[in-house]
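This report concerns only the one structure given below.
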Amino acid sequence: MPLAPPRSVRTLGVDGGATHARVVAVERGEAVWRAGAELARLAWPSRAAAEFRGTLERHGERCVDELASALAEHARGEPLALALCMPGKKTDDERGIVAANRGPVAPDFLERLLGALAERDVRVERAPTRLFSDGRAAAAGELRALGGALVGARQAYYLGAGTGLGECLVLGGELVPLDWAAAWFPKAFALRAASGETFEEELSAAALARRAGLGGFVETRRAAGDPAALEVSRRFVHALAEFLALRVESLAHSPLGALVFERVVLGQRFADLVDAERLFALRLALRERLGERTPALVVSHLAGSAAVGAHVLEESLRS
C-alpha cells in the first residue's frame, strides 16, 4: 500500500506590538528563511476600561482570543508551525506576559493561545516554546532571512522603533540580547539624552507622535511641510545621532575589548521615519561625533523581519 503524501504545514509568524499584532506567512527554504505576505493586522482591544476596573487579565484573554481567531482563519485547514514575539515583561519561563505599558497582559499567554486554537480545531504541529522580544526577533530575521540587512555582519547593532524601542547586538556573527550585556550596554529606557529625557522618550515612534501633536503620522506631515513635524524630525535626528554615538562608545570600552560596529541597522518604524534626507543628516551628525569610527548605517524595509526571526530563534532552540 503506498504511503500517504506528507501533510503540508502552514508556517505563520506573529509580530506582536503594543497596539496591534501582525500575522505573516513565513517560508523556510533550503538555505534561508523568507518573509511572505502580511495576512492580518489585528488591533488589540482597548485596555483603558480594563485598567480602570482592574481587570487586565480579562483584557489579556480578549487579546488572545482575537489572535487565535485570526490565526485560525489563515491556517487554511492545515497544521501550523507557529512562532511569536510580543512586547512586555515576560514570566520566568517566557511563556506569558506579566506587565506591559500597552498591549496584552496574560501570564499564561501561550497556554491560552494554544487552548483557543485547539477549540477552533487548529492543530499546531510545531508549537511556540516562548514569547521572544521584538528587538531580538527582528534582529534574528535581519541576520538570517533573505534580504536581511544584517546578513554577513560580525559586529552590529539593531534598533527598531514602535511604541517603544527594540534593540539587539550581533557579536561574532551571533545574536546577543541586551539583557546579557546590561552591565555595559544598558537599554535605551535607562539612558538619558542631553534633553533630560530617556532615549526611548526621545526616539520611539509613539514619542514622536506625542511631540508632534494631532494631525497624522510625523513622516506624512513632514513631507507636506508641516512645521511641527519638521521640528520634531530635526530633534529626532540630533537625538538619534547622540544615542548611536553612545552605543559605539559602549562597545569600544566593553569588557570584550576595543570592538567596533561595522553596521547599524534601523528597522520597524524607522523605515518610514528615516528617509533619504534624514539618513544623510544622520550620517553627517555621526561623522562629526565619531569620525572614522562611524559605522555603516542601513535602514531596513524588511517588514516581516520579526515574524521570520521568531521562527529562526525557535529553530535554534531545537537544534
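The values are calculated or read from the model by the stated rules, or taken from the named source; none is laboratory data. This one's a predicted model, so the numbers in the text were calculated from it and none came from an experiment. Cβ placement follows ideal geometry from the backbone for every residue including glycine, while neighbour counts extend to all protein chains displayed.
Here are some notes:
- Hits in region 264-305 (condition: over 18 Å from Leu203 (Cβ atoms) and buried (at least 20 other Cβ atoms within 10 Å of the Cβ)): Thr294, Leu302, Gly304, Ser305
- Residues that are within 18 Å of the chain's Cα centre (by Cα) and not in a loop (DSSP other than H, G, I, E, B), drawn from region 264-296: Val264, Val265, Leu266, Gly267, Gln268, Phe270, Ala271, Asp272, Leu273
- Where helices (runs of 4 or more DSSP H) sit wholly within region 174-231, those with at least 2 residues that are under 25 Å from Gly309 (Cβ atoms), at pLDDT below 95 and hydrophobic (A, V, I, L, M, F, W, C) occupy 205-212.
Residues are listed down the side, and each one gets a yes or a no for (1) over 23 Å from Leu12 (Cα atoms); (2) in the same structural domain as Arg102 (by TED's automatic domain parsing):
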site	(1), (2)
Arg123	no, yes
Gly160	no, no
Ala181	yes, no
Ser195	yes, no
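- Scanning region 151-173 for residues that are more than 25 Å from His20 (Cα to Cα) and assigned to a loop (DSSP other than H, G, I, E, B) yields a total of 7.
- Some residue of region 92-101 being touching a strand residue (DSSP E or B) at 6+ places or on another chain (Cβ under 8 Å), acidic (Asp, Glu), on the phi > 0 side of the Ramachandran plot and not in a strand (DSSP E or B): yes
- Residue, farthest from the chain's Cα centre (by Cα), within region 13-60, restricted to residues that are of a type in the set (Lys, Arg) and within 20 Å of Arg130 (Cβ to Cβ): Arg28
- The residues on offer are Ala116, Ala137, and the sole one that is crowded, with 24+ Cβ neighbours inside 10 Å and either outside any strand (DSSP E or B) or in contact (Cβ under 8 Å) with a residue 40 or more places away in the chain (or both) is Ala137.
- Qualifying residues in region 297-312 (those that are in contact with an Asp or Glu (Cβ under 7 Å, 6 or more places away or on another chain) and not in a loop (DSSP other than H, G, I, E, B)) - the one nearest to Ala137 (Cα to Cα): Ala306
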